[in-house]
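Okay, so here's the structure we're looking at.
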Amino acid sequence: MGALGTRRSASSGGGYQSEGPTRPMRPRRRFRVAARIAKILSAVILVVAAAVGLLFALTPSAGQATALARAQARERHIAYPGPPVPRYFAQALIATEDHRFNTDPGVDPLAMGRVVISWIIGREDQGGSTIDQQLAKNLYTGGHGGFTEDLEQLAMAVKLNQAYSRAEILRMYAEVAYYGHGYYGLDAASCGYFGRPPERLTLVQAAMLAGVVNAPSYDDPLAYPGQARARLVHVIGRMAAVGYLTQVQETAALHAPLGLSATRGCA
């Protein structure tokens, strides 16, 4: 009876059907799938390359950067070029804003990928803008953002990276950045906040100025000392994290006085 039941179940159209092992994909089919994927990838690469080429052709020359920086300085009644960027300021700015500054091609592919993923899943991530991109934003798009402006900034960041040394990029950035409290340019901010030229800034003072450029109105140490202090702690922590400061130096910096000046301007 058991054998008969088994035969009936096997012969029934809607009953039990034995499932054998899944057949592996045939070599010819695998080849067709791989070829199709390769064609799609090639097409995507060609489209991207054409778009990048068109973007580079339509955007201005990086050679205009110094003239644009000089024009902005003249409008704001500040000297250009300003003094060389102090070591502590450069380290604090790089550690906080773009820690791959010395190796990236003007844009940070890893950070950009993170921003794209965050955009896809609906989370905010503003960590993809390099120092070159920020300089391009200040010089070429009037500090404005948006889809077309962001594309122009990407192209100009690569062009700036190819046209200028890292020291020149930092110097231009320092001169066109806004530091809050009406201060444009590193020299004006250093004299305005601390009553001393940039070359005499202490570590903690340089770190504060490097940190304030991210949100100059919000982190103004004169208007919002608590918020400015929180930002300073973050900058010092970043300098230690990337190796610019030892743990002892980090602790000392966190306990050092900021030394805001009662008078505005350098003597």
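The values are calculated or read from the model by the stated rules, or taken from the named source; none is laboratory data. Just so it is clear, the structure is predicted and the values come from calculations on it, not from any experiment. Virtual Cβ from ideal backbone geometry, glycine too; neighbours counted across all protein chains shown. Heads up: the accessible areas ignore ligands, DNA and RNA and are worked out on the full protein's heavy atoms, side chains in. Shrake-Rupley method; radii C 1.70, N 1.55, O 1.52, S 1.80 Å.
Among Val242, Val213, which is the only one that is under 27 Å from Ser129 (Cα atoms), surrounded by 15 or more Cβ atoms within 10 Å (Cβ to Cβ) and β-branched (Val, Ile, Thr)?
Numbers: Val242 fails: surrounded by 15 or more Cβ atoms within 10 Å (Cβ to Cβ).
Val213 is the lone residue from the list that is under 27 Å from Ser129 (Cα atoms), surrounded by 15 or more Cβ atoms within 10 Å (Cβ to Cβ) and β-branched (Val, Ile, Thr).
If Val204 satisfies every condition in (1) crowded, with 23+ Cβ neighbours inside 10 Å; (2) closer than 30 Å to His77 by Cβ but one, which is the exception?
Here Val204 clears every test but (1).
Taking the condition of being in a loop (DSSP other than H, G, I, E, B) and among the small types (Gly, Ala, Ser), how many residues in segment 202-238 meet it?
Going through segment 202-238 one residue at a time, the tally reaches 3.
Count, please, the residues in segment 216-228 that happen to be within 19 Å of Asn138 (Cβ to Cβ), surrounded by 15 or more Cβ atoms within 10 Å (Cβ to Cβ) and of a type in the set (Ser, Thr, Tyr).
Residues flagged as within 19 Å of Asn138 (Cβ to Cβ), surrounded by 15 or more Cβ atoms within 10 Å (Cβ to Cβ) and of a type in the set (Ser, Thr, Tyr) within segment 216-228 amount to 0.
Among the candidates Glu250, Glu199, single out the residue that is within 26 Å of the chain's Cα centre (by Cα), closer than 27 Å to Thr130 by Cβ, of a type in the set (Asp, Glu) and in a helix (DSSP H, G or I).
Glu250
If Thr263 satisfies every condition in (1) surrounded by fewer than 14 Cβ atoms within 10 Å (Cβ to Cβ); (2) touching a Lys or Arg at 6+ places or on another chain (Cβ under 9 Å) but one, which is the exception?
(2)
For segment 62-72, which residues satisfy the criterion of being under 14 Å from Leu135 (Cα atoms) and either of a type outside the set (Ser, Thr, Tyr) or modelled with pLDDT under 90 (or both)?
Once the filter is applied, which keeps residues that are under 14 Å from Leu135 (Cα atoms) and either of a type outside the set (Ser, Thr, Tyr) or modelled with pLDDT under 90 (or both), segment 62-72 yields Ala62, Gly63, Gln64, Ala65, Ala67, Leu68, Ala69, Arg70, Gln72.
Of the residues that make up segment 187-198, is at least one buried (at least 23 other Cβ atoms within 10 Å of the Cβ) and under 17 Å from Glu97 (Cβ atoms)?
yes
For segment 141-181, which residues satisfy the criterion of being part of a helix (DSSP H, G or I), touching a residue at least 12 places away in the same chain (Cβ under 8 Å) and not hydrophobic (A, V, I, L, M, F, W, C)? Spell out how you get there, then give the answer.
Of segment 141-181, the ones part of a helix (DSSP H, G or I) are 147-163, 166-176.
Then keep just the ones that are touching a residue at least 12 places away in the same chain (Cβ under 8 Å); that gives 149, 151-163, 166-167, 169-176.
Matches in segment 141-181: Glu149, Glu152, Gln153, Lys159, Asn161, Gln162, Arg166, Arg171, Tyr173, Glu175.
Considering (1) modelled with pLDDT of 70 or more; (2) open to solvent by 60 Å² or more (accessible area, probe 1.4 Å); (3) of a type in the set (Val, Ile, Thr), say which one Thr59 fails and leave the rest.
Every listed condition holds for Thr59 apart from (2).
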